[in-house]
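Sharing a structure below in structure tokens format, with a few things to ask.
What follows is calculated from the coordinates using simple rules that are stated; it is not laboratory data. The model shown is predicted, which means the values in this text are computed figures rather than measured ones. When we count neighbours, we look across all protein chains shown, and the Cβ atoms used for this are built from the backbone with ideal geometry, even at glycine.
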Amino acid sequence: MTRYTAYLILLTMLIPMSADAVRVDCEDNSTAELPVKVKLTVPAFLFLQVGNANQTAELTYNVGTNLSSGAYTGAIPPAGESGLAPSSITGSDVSNGVNVAVRANCGQVKIAYSVTDNNGLANGQGQFIPYETLQTSTSDSGLPAPTLRNATNAESLVSTSSYGSVTDRKAVWQYTYTNSALPAAGTYQGTVTYQASCL
């Protein structure tokens, strides 16, 4: 053995073993075991879309379909409306309602809402139509629309899609106007703002 070779062997023997190293004698049935810890961080996300991504959805109703302008000679009082569909819908990706999408990985999603006036849809003359007259339905029972009321205390829960905490649902919400009484003349307006949160 040359001196050069002996010198290399000496250096190798002097290198200390790391804290995560195990040395075993080379005997029959000897086993060396060391753990490897794995940490995977998945960020939480929550996505809500109501209507077109670039435009606020707007529903317009024509309550005068059973009532001609000018002199009225029908039954007194005039009949209200039941299940009246919007005469036009803008700001939606579908023509028969408002498209809605919810995607999240932070647990079950709750959908709540707020309205511009707790008295109802307003005509600017101090008269109102209750939000309760707008009946909502959905194309997916797992993504229900909250029941509209003047007092914003109604919520709906979105069913998870997989793993118990992940949601990926789409639906079409439809709104129909149902009011047994005929309100005073005017254009009644209001805005419903939906909010999604994880429980």
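Calculate, for residue 117 and residue 165, the FRET efficiency according to 1/(1 + (r/R0)^6) with r their C-beta to C-beta distance and R0 35 Å; round to the nearest 0.05. All intermediate terms of the calculation are to be shown ahead of the outcome.
Working: r = 36 Å, r/R0 = 1.04.
Efficiency, rounded to the nearest 0.05: 0.45.
Given an 8 Å cut-off on Cα distances and at least 6 residues of separation, report the relative contact order of region 98-150 as a percent. If you can, show how the numbers build up before the last one.
Numbers: 42 pairs, mean separation 16.2, N = 53.
Averaging sequence separation for qualifying contacts and normalising by length gives 31 percent for region 98-150.
Continuing with the same structure: So how do 120-126, 170-176 stack up, highest first, on mean other-Cβ count within 10 Å? Don't jump to the answer; show the numbers that get you there.
Numbers: 120-126: 15.4, 170-176: 19.1.
Highest mean packing first, the order is 170-176, 120-126.
Further, regarding this structure: Please list, or write none, the lysines whose alpha carbon is within less than 27 Å of the alpha carbon of residue 170, excluding same-chain residues fewer than 8 places away.
Once the sequence-local lysines are set aside, what remains near residue 170 is 110.
Would you work out the relative contact order for region 95-191, in percent, from Cα pairs under 8 angstrom that are 6 or more residues apart? Walk me through the numbers before you get to the answer.
On the way: 197 pairs, mean separation 40.5, N = 97.
This gives 42 percent for region 95-191.
Another one. By per-residue mean of other Cβ atoms within 10 Å, what is the highest-first order of 177-183, 100-106?
Result, highest mean first: 100-106, 177-183.
Hey, another quick one. Once both labels are modelled 7 Å past Cα along the beta-carbon direction, what's the residue 191-residue 110 spacing in nm?
2.4 nm
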